[in-house]
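Step one of this worksheet: look at the structure below.
Just so it is clear, none of the values below were taken in a lab; they were calculated from the coordinates. Small disclaimer: the values here were computed from a predicted structure and weren't measured. A quick note on method: Cβ atoms are made from the backbone with ideal geometry, for glycine too, and the neighbour counts reach across all protein chains shown.
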2 protein chains.
Amino acid sequence: MAPSFDKLDTLSINTIRLLAVDATIKANSGHPGAPMGLAPVSHVLFNKFMTFNPKNPKFMNRDRFVLSNGHGCMLLYALLHLYGYELSLDDLKSFRQLGSKTPGHPEAADTPGVEVTTGPLGQGVSNAVGLAMAEAHFAARFNKPGYELFNNYTYAIMGDGCVMEGVASEASSTAGHLQLGNLIVFYDDNHISIDGDTDQALTEDVLKRYEAYGWHTVWVKDGDNDLAGIAAAIEEAQSVKDKPSIIKVTTTIGFGSKLQGTHGVHGNPLKKDDAAHVKELFGFDPNDSFVVPQEVYDLAAKQAAAGAAAEEAWNQLFAKYTSEYPELAADLKLRIENKLPEGWEKALPVYTTSDPAIASRKLSETVLNKICDVVPSLIGGSADLTGSNFTRWKTAVDFQPLSSGFGEYSGRYIRYGVREHAMGAIMNGLAAYGGLIPFGGTFLNFVSYAAGAVRLSALSEVRLIWVATHDSIGLGEDGPTHQPIETLAHFRATPNIMVWRPADGNETSAAYYKALTETHTPSILALSRQNLPQLEGSTIEKAIKGGYVLKEVDGADVTIVSTGSEVYLALEATKILESKGYKARLVSLPDWHTFDKQSEEYRLSVFPDGHPILSVEVMTTNGWQKYSHEQFGINRFGASGPFAQVYKKFGFTGEGIAERAEKTIDFWKGVPLRSPIRRAFAQVE
Amino acid sequence: MAPSFDKLDTLSINTIRLLAVDATIKANSGHPGAPMGLAPVSHVLFNKFMTFNPKNPKFMNRDRFVLSNGHGCMLLYALLHLYGYELSLDDLKSFRQLGSKTPGHPEAADTPGVEVTTGPLGQGVSNAVGLAMAEAHFAARFNKPGYELFNNYTYAIMGDGCVMEGVASEASSTAGHLQLGNLIVFYDDNHISIDGDTDQALTEDVLKRYEAYGWHTVWVKDGDNDLAGIAAAIEEAQSVKDKPSIIKVTTTIGFGSKLQGTHGVHGNPLKKDDAAHVKELFGFDPNDSFVVPQEVYDLAAKQAAAGAAAEEAWNQLFAKYTSEYPELAADLKLRIENKLPEGWEKALPVYTTSDPAIASRKLSETVLNKICDVVPSLIGGSADLTGSNFTRWKTAVDFQPLSSGFGEYSGRYIRYGVREHAMGAIMNGLAAYGGLIPFGGTFLNFVSYAAGAVRLSALSEVRLIWVATHDSIGLGEDGPTHQPIETLAHFRATPNIMVWRPADGNETSAAYYKALTETHTPSILALSRQNLPQLEGSTIEKAIKGGYVLKEVDGADVTIVSTGSEVYLALEATKILESKGYKARLVSLPDWHTFDKQSEEYRLSVFPDGHPILSVEVMTTNGWQKYSHEQFGINRFGASGPFAQVYKKFGFTGEGIAERAEKTIDFWKGVPLRSPIRRAFAQVE
């Protein structure tokens, strides 16, 4: 039955608008325009359509809502407050203030009810594609006749900014391909961006573009007033089961303000007299602020109560399901609790030096083959490099719409296409849904295409894994356009992300162990194209510390620290040095982030005082000074050629490393050296 | 008159195909499939349509050709060889070998005739948009009745990979908005990507999407054989003056191979027997390789000769133009010679300590206001943040199609929309055209969205400028989603790019001085939102060295090195330290790249031996160990709140810095310290 609307709906809408006006004025900062324009859409959606339980924001089958234009976050904060999430009126009053739950853009890690962290444009709507994929997957995997455990929708609002961003284009094309009928996106067509009239830069036919992607399209021409039209559009979108829907809603930015319809109301609080004008227009007292009429709370509470009841019904259904489908239920329960199957880690392969030399991208494939069968929450794929990244495990079934003929929604292998940025953002959405551990493959160099999404993985504290192969000049002939130099430095400098560069099989297993068990930290695994020997002294137990002594000697003249494909070369170097009468230790440091979390005592045991340390890695030396006194790396772009020749060109051989080590020993002879671990003061972390 | 085709055309096409077959076999690496499928299109284009002079690959009014699917570069190398560019058969034989002119992906800096560096997908077609914008601008600026100096086309080929990449979507939407009738893009619809059938990931209607962007669309259904159809499509595209055109050409990847039409022929050389099969099919001797029939050379030479004649005619026209329009001609000549107007640098503003505190984004605006009028090759804009980046100068006219009502093609202010990645790639194209110095504004944090393009700016050695404002936690309320932590570390680790973070007005002028005068290096200018005082001791002359002593003292206890908005705080700290009896030097280090190019003697004068050095910057400490013994930074995400409070929260005040400096002095007391400039061995650069 179509919902009906009355004065109370209008009052609710205007309350939301004025909360945004008041909060931005109090903060003297922020974006009132979008919330004022989008209050009608969001009210209809939250009040008449969405199922959610503010008392348990994590209710598994809740409808998801994403505000992709995150700068309009006072809209979201106002809604969360009205519906009874843990967000008080005082929280709204401390909008954009230090330590508040209402930061300048919505952060999932900080605020209950915020599904994903948005603000950087284009990300939210791409996350929404991941959220919708997750639902489709859970429904296909867990629903049984009489047990529709999963049927939630994912709703998103995006503005013109998101529409223009390439990541949103990539994700939207993907969503169309995947026929995600559970995804409904509102396009806030207010014709204004920061530079003013969008006609200055955006004259494409957005709905036609989405039609081309395979979406269902609807246009609500009066998004300011036509509540019934908005509701009808949502119902129409819900009725289309095999396509995502985009509902273009033409709205007036800053509705009610004297500056409505201009960019003057986009990113600045309203002037005092204008705020008074809006309040009078809406029948509020111009002298009051942060006013919420009780009947507005009451109306919201009804919907919240319906959500709580829905969760209760779901819990009962799940209890029945548990007795009928105990294995599936156990799997689902584990996922809801964010736990891994007991003993999964026993599936991780262990190597000895008698095992052959293998490229770490192949070692990664072996791990995936072992663990994907025992950890059903793993869901992954590649950005069209399956045969290079080795991301597909033997028993994998493609995640595809049935009609494609390539797979089904219960499948777990995702064909992302050549869309690295969308892959990153979709993985953020998959992870945010809960119960899934996404992984995605591309060349390490092209993780940079997804930098915007990677940063948000780290900031929003989600667990996901980049299978980043072809990790250096070692990829050889493809040349400098594909050879990372700066990439590891970039991501090592990003907070809360592990950047693993394993040297052999045991270290690859360790990388996956940490990637799966650190539930609030994403990982990048940098993996070689070329073969790497299995090293004596490497174990999973040592490697999961992020760094360890691979070769110890008493009275060392030098420590060499290295990662990945250079560790065995550094080992060769230690032997050459020995033959010349030097004593050389060797440290493998596959992940800085993990190593930095170890005790100072442990870190000092790896990097002791008293002798120089030389770092060796075929990339920029920037950053390595943190662990070493001298650095051997490549501070230029690479070269196209067979990999062994490229390595040799730059001096990355046992001899080349030994030569630098000798020079390091000579240079520091007689200088009392401290471990670089020792610091004068504590870092801001 | 429509071109006609005969057996010689077929022979030329098959010659190209076989050169790709032979070169990939010889290299035992590379991509034969795309060249074999695209030989017909490229032959028709090069032989019947394009104007170019292989003896002068830089002829200003040449048609530009971009191979966006750069992995198919043997197509381009074969063409460049056949038409007489400086690329011998021996060069083709050393395909993908160390030091060759034929690397695994085309590099503009290495190979004559390669317009832009491609390989990372989506970039080339986006560069092509920039190349077409440049032509439109030059035509509008320099053409006069009877003097059509500029009328070249930009042609590009892209594959399914480019079609899927978001950067290409952004750039294509922009091209449609700008009505670039001089841009003709071929979409190689071969239905194969690395994962196999594109239907696994790409089921959108590509031509419909381009129609939505405002492009003219054509489809050539038999791109393998229908040469007349290809020619007719090009003529049709040329006839549409107010829209870019996309010509979808349905081709067979690896045409002629036993594996044609499959991904088996995408990224691997043909097997010996398959190569023999193809040669026999095409009437070539299966035992020969790298065969070019003389008549194929001759046919190509005709078109090359026509190009040389076109240049000669152009030169004569330009000579006449020079007498009729001496000022315009002088401007154009200067640009062709890649020179700046005499004395332009006198326009750079100079400041004294009596000038007020000003945000460096405002200082940047002042520079742009001064220099845009005297340096007409500057062409710039913003990714929809004009009012925040302050990129628009007072006399600016928008670069827009006349019918938009917003400007004209002779204008130099570009409204990029919220499309950072396309902005980066378009700037690469504008710079590659020659005679233009592009700049583009966004928040520093969102330069990361364009990482793929920035990397190629550096690799292809083009001069362009990112006006990257809101460069730190100093942006305040927008919070962690917008506050860079890792961004400078990322770009400082990238070879051949300047990353300026000026501390005041003189340093901002210095940054622009270097950005304009280093003709083969791109720049990022990291600029503050908050006000910065004019510093005593800063001058343009000192700052253009990348780093200098801002405050010298004899017998220093400590040197503080800092950048940008922290320099004045560090200066406060030196005064606090003085009041406590310490002697503190202060170094400002606005650009590492430039500083590293100074003599060792100079660098040691800035960072001498004998006392500890403390770095201070409100971002990651990673990398700063290169210049300092201790580092004060932020190795976590930022916080949303008023900027002064955010700075204080993390200890970035005069007192906070002085406290760390004291701890640094204490910690290193009695330890003989070497300058971090001294190194044990030379770096690979």
Kindly put A:D398, A:D554, A:D666 in sequence by how many other C-beta atoms sit within 10 Å of each C-beta, fewest to most. A:D554, A:D666, A:D398
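Tell me the chymotrypsin sites (Phe, Trp or Tyr not before Pro) within segment B:271-319 that lie in a loop according to DSSP and have at most 13 other beta-carbon atoms within 10 Å. Before the final figure, lay out the partial values.
Details: sites: B:F282, B:F284, B:F290, B:Y297, B:W314, B:F318; in loops: B:F282, B:F284, B:F290.
The qualifying sites: there are none.
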Copy-to-copy label separations for B:L317, where each label sits 7 Å from Cα toward Cβ, in nm and ascending: 7.2
Can you list the copy-to-copy distances for B:V240, using a point 7 angstrom from Cα toward Cβ, in nanometres, shortest first? 2.5
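State the three equivalent ellipsoid semi-axes of segment A:358-456, derived from the C-alpha gyration tensor as the square roots of 5 times its eigenvalues, in descending order and whole Å.
Numbers: eigenvalues 72, 60, 38 Å².
Its equivalent ellipsoid spans semi-axes of 19, 17, 14 Å.
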Under a straight-distance cross-link criterion of Cα-Cα below 14 Å, which aspartates and glutamates are reachable from A:K575, leaving out those fewer than 8 residues away in the same chain? A:E536, A:E552, A:D557, A:E655, A:E659, A:E662
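Tell me, what is a quarter of the convex hull surface for the C-alpha atoms of the protein assembly as shown, in nm² with one decimal? Mind dumping the intermediate values first?
On the way: hull surface 197.7 nm².
Mean orientational projected area (the protein assembly as shown, Cα hull): 49.4 nm².
Compute the Cα gyration tensor for segment A:321-373, then decide on rounded, prolate or oblate, letting a ≥ b ≥ c be the square roots of its eigenvalues: rounded whenever a/c is under 1.5, prolate when a/b is larger than b/c in the other cases, and oblate in all that remain.
Details: a/c = 3.70, a/b = 3.31, b/c = 1.12.
Prolate is the answer for segment A:321-373, as a/c is 1.5 or above and a/b outweighs b/c.
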Less than 20 Å apart at the alpha-carbon level, and either on another chain or at least 8 residues along: which lysines does that give for B:K545? B:K346, B:K514, B:K597, B:K626
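For a distance above 21 Å, tell me the whole-number percent of Cα pairs in segment A:408-530 that qualify. Before the final figure, lay out the partial values.
Numbers: 2620 of 7503 pairs.
Pairs farther apart than 21 Å: 35 percent.
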Inter-centroid distance (Cα atoms) of segment B:629-666 relative to segment B:346-418, Å: 33
Shape category assigned to segment A:15-74 from the gyration tensor of Cα positions, a/c cut at 1.5: prolate
Innermost chain A residue relative to the axis carrying A onto B, by Cβ distance in angstrom: A:G166, 1
In nm, what does the list of distances from A:E578 to its counterparts in the other copies look like, shortest first, when each label sits 7 Å along Cα to Cβ? 5.8
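Taking only DSSP H segments of four or more residues, each worth -39500 (n - 2.57), what value at 222 nm results for chain A once the sum is divided by all its residues, to the nearest 500 deg cm²/dmol? Working shown, then result.
Working: 25 runs with 272 residues, N = 685.
Mean residue ellipticity at 222 nm (helix-derived): -12000 deg cm²/dmol.
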How big is the Cα convex hull of segment B:583-630 in projection, averaged over all directions, in nm²? 3.7
Could you tell me how far the Cα centroid of segment B:442-481 sits from the Cα centroid of segment A:3-72, in Å? 32
Could you check the simple spin-label distance between B:N531 and B:A2, using points 7 Å along Cα→Cβ, in nm with one decimal? 7.0
What's the angle, to the nearest 10 degrees (0 to 90), between helix A:326-336's Cα axis and the longest principal axis of chain A? 90
Which pairs in the list B:K583/B:K648; A:K48/A:K248; B:K101/B:K221; B:K221/B:K243 are over 29 Å apart, alpha-carbon to alpha-carbon? B:K101/B:K221
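In chain A, what is the volume of the convex hull around the alpha carbon atoms, normalised per residue and reported in Å³? List each step's numbers first, then the result.
Numbers: hull volume 111.7 nm³, N = 685.
Per residue, the Cα convex hull of chain A comes to 163 Å³.
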Using each residue's phi in segment A:494-502, evaluate 6.51 cos²θ - 1.76 cosθ + 1.60 at θ = phi - 60° and report the 3J(HN,Hα) Karplus result to the nearest Hz, with x for Gly and Pro. 7, x, 6, 9, 8, 10, 8, 10, x
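Within segment A:58-94, list the trypsin sites (Lys or Arg not before Pro) lying in a DSSP loop whose Cβ has at most 13 other Cβ atoms in a 10 Å radius. Working shown, then result.
Values: sites: A:K58, A:R62, A:R64, A:K93; in loops: A:K58, A:R62.
Qualifying residues, ordered by number: A:K58.
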Can you give the Kirkwood hydrodynamic radius for segment A:92-167, in Å, rounded to one decimal and based on Cα pairs? 14.5
Relative to the longest principal axis of chain A, what angle (0 to 90°, nearest 10) does the C-alpha long axis of helix A:166-178 take? 80
Using alpha-carbon positions, what is the distance between the centroids of segment A:589-607 and segment A:496-563, in Å? 12
If you keep only loop residues by DSSP, which trypsin sites (Lys or Arg not before Pro) in segment B:274-351 have at most 16 other Cβ atoms within 10 Å of their Cβ? B:K339
Per residue of segment A:31-43, what does 6.51 cos²θ - 1.76 cosθ + 1.60 with θ = phi - 60° give for ³J(HN,Hα)? Whole Hz please, x for Gly and Pro, Karplus curve as stated. 10, x, x, 5, x, 5, x, 9, 4, x, 4, 6, 5
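Classify segment A:484-573 as rounded, prolate or oblate from the Cα gyration tensor: take a ≥ b ≥ c as the square roots of its eigenvalues, call it rounded if a/c is under 1.5, otherwise prolate when a/b beats b/c and oblate if not. Intermediate values should be presented prior to the final figure.
Values: a/c = 1.64, a/b = 1.49, b/c = 1.10.
Prolate is the answer for segment A:484-573, as a/c is 1.5 or above and a/b outweighs b/c.
Where both partners of a DSSP beta bridge lie in the protein assembly as shown, what percent of those bridges are antiparallel, to the nearest 5?
Details: 16 of 128 bridges.
Close to 10 percent.
Just rank B:I426, B:I677, fewest to most, by other beta-carbon atoms within 10 angstrom.
Working: B:I426 33, B:I677 20.
Ordered by Cβ neighbours within 10 Å, fewest first: B:I677, B:I426.
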Acute angle (nearest 10 degrees) that the helix A:123-142 long axis makes with the longest principal axis of chain A, alpha-carbon atoms: 90
Along the dipole axis of chain A (charges at Cβ: +1 for Lys and Arg, -1 for Asp and Glu; origin at the Cα centre), the most positive-end residue among A:S403, A:M423, A:N152 is A:M423
